[in-house]
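FYI, it's all coordinate maths here, none of it is from the lab. Here the structure is a predicted model, which is why all the values come from computation and not from measurement. So basically every Cβ, Gly included, is an ideal-geometry build from the backbone, and we count neighbours across all protein chains shown.
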Amino acid sequence: MSKLTAITGNEAIAQAMRQINPEVVAAFPITPSTQIVENFAQFVADGIVKTELVTVESEHSAMSACIGASAAGGRVMTATASNGMALMWEMLYIAASLRLPILLSLVNRTLSGPINIHADHSDSMGARDSGWIQIYTENNQEAYDAMLMAPRIAEHADVRLPVMVCFDGFIISHCVQTMELEDDEQVRKFIGEYTPLYPLLDTSRPVTMGALDLQDYYIEHKHSQHVAMVKAKDVILSVSKEFKEAFGRGYELFESYRLEDAENVIVAINSVAGEIKEAVDNLRKRGIKAGLLKIRFFRPFPYEEIRDALKSAGVVAVLDRMNSFGARGPLFTEVCTALYGLESGPLAYNRLYGLGGRDMYVEDIEKIFIESEECLKAGRTEKVFDIIGVRGA
């Protein structure tokens, strides 16, 4: 039976890790993700879990240890943020290319420099093409639920890819929210036992991992990763359906909020969705048909589903929380790709917000919706790209 509790996002993830009870956790502390492993280390010390906790000298070593433990046949987890993920960069690609179902909690924090410890998405978006499945979450409950679904997705025979669960630093990681923690036995029943495919410790079936892969076969191996990522979409939907049957909370590839008749839509990810929902409700009272499309799964990206959801909208404002210097934001680029080919698709424009943790208020979001209304009346967008809240611009 579930238990209603008030805890931080980091504590929620630590509880999910406790319930998953992995064989190995290898990690190095970095703000604002440190509390996850601190709490989990207490579970290890108290004998609540059977996990081997490996305290390493860097994040690069943390992911290296995770790769070794996963290749050996263990269920493996870690947590990091920002520059910690950047230090893992090389190993992220290796984990994915070896088809290892490692689970990573990523507490979104801006990448240096200058040094900044607050939320934006430059860390996870920088790793968007590393071969990891990416789940973005709005609040503590979603982060916890996503982490419970992650092993089922990662370990599925059609997938066998690592998964990162992303949530905003401090805004979610350190914010206390009321949420439901599920019963340990129910969670373990839902997740099930892990059966590794080719564990290195199984000496009766010897395999080679990490061998030199030249032009004879490299492209075929990359293609197999691509196929696995495409297949992951159906697996995600299947696991989400089972999760709803088990725990009562349902998740799709994205969330539609008052989108059915919306003419004026914002597309966004992570915690800002809460403020957008409030702005949508405010504007609906004023007769503006506003709506939100909140993306949960950025990889694999649900192109066809998003095209169908947005094809009747008049204008779409896409909010990115990181800067692709000299280009549009990554979320905007993907949404435009989804809309490509529509005979009479919506107007679309891109706004960057919240870099380095800059606050985004409901009033700021309402201004975006009002700007979209002006675009609708004019039949065009004046500024396809802009950054919100820049002083002196």
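At 0.36 nm per residue, minus the direct Cα-Cα distance, what do VAL230 and TYR217 gain on full extension? Give it in nm, one decimal, please.
Gain on stretching VAL230 to TYR217: 2.7 nm.
Per DSSP H run of at least 4 residues, take -39500 (n - 2.57); add these up for the chain, divide by its residues and hand me the 222 nm value, nearest 500 deg cm²/dmol.
The per-residue figure over the chain is -13000 deg cm²/dmol.
Could I have the simple spin-label model distance between TYR93 and THR55, label points 7 Å from Cα toward Cβ, reported in nm to one decimal?
3.3 nm
Counting Lys and Arg as +1 and Asp and Glu as -1, each charge on the Cβ, what is the dipole of region 20-126 about the Cα centre in debye, to the nearest 20?
It works out to roughly 220 debye.
So in the chain, what percent of DSSP beta bridges are antiparallel if you round to the nearest 5?
So the antiparallel bridges amount to about 25 percent of the total.
Compute the relative contact order of the chain as a whole-number percentage, counting only Cα pairs closer than 8 Å that sit 6 or more residues apart in sequence.
Taking the mean separation of contacting Cα pairs over the length of the chain, I get 16 percent.
Can you give me the pair-distance distribution of region 219-269, C-alpha pairs, 10 Å bins, whole percents?
20, 30, 32, 16, 2
Quote the relative contact order of region 254-387 in percent (integer), defining contacts as alpha-carbon pairs under 8 Å separated by 6+ residues.
That works out to 27 percent.
If the label point is 7 Å along Cα→Cβ of ALA72, which residues in region 176-202 have backbone nitrogen under 19 Å from it?
194-202
Are any of the pairs LYS3/LYS189; LYS222/LYS383; LYS244/LYS285 more than 27 Å apart by Cα-Cα distance, and if so, which?
From the list (LYS3/LYS189; LYS222/LYS383; LYS244/LYS285), the Cα-Cα distance tops 27 Å for LYS222/LYS383; LYS244/LYS285.
Show me the ranking of peptides 299-307, 189-197 by mean Cβ neighbours inside 10 Å, starting with the highest.
299-307, 189-197
Can you work out the FRET efficiency for the pair TYR198 and LYS311, with r the C-beta to C-beta distance and R0 = 51 Å, to the nearest 0.05?
Efficiency, rounded to the nearest 0.05: 0.70.
Shape verdict for region 1-63, please, from the Cα gyration tensor: rounded (a/c under 1.5), prolate (a/b greater than b/c) or oblate.
Cα axes put region 1-63 in the oblate bin.
Can you bin region 349-388 into rounded, prolate or oblate? Criterion: square roots of the alpha carbon gyration tensor eigenvalues sorted a ≥ b ≥ c, rounded for a/c under 1.5, prolate for a/b above b/c, oblate for the rest.
Here region 349-388 falls in the oblate category.
Classify region 295-393 as rounded, prolate or oblate from the Cα gyration tensor: take a ≥ b ≥ c as the square roots of its eigenvalues, call it rounded if a/c is under 1.5, otherwise prolate when a/b beats b/c and oblate if not.
Judged from the Cα gyration tensor, region 295-393 comes out oblate (a/c at least 1.5, b/c at or above a/b).
Using Cα-Cα distances under 8 Å and only pairs 6 or more residues apart, what relative contact order does region 316-363 have, in percent?
Relative CO of region 316-363 lands at 49 percent.
Which GluC sites (Glu not before Pro) from region 2-99 combine a DSSP loop assignment with at most 13 other Cβ atoms within 10 Å?
Answer by residue number: GLU57.
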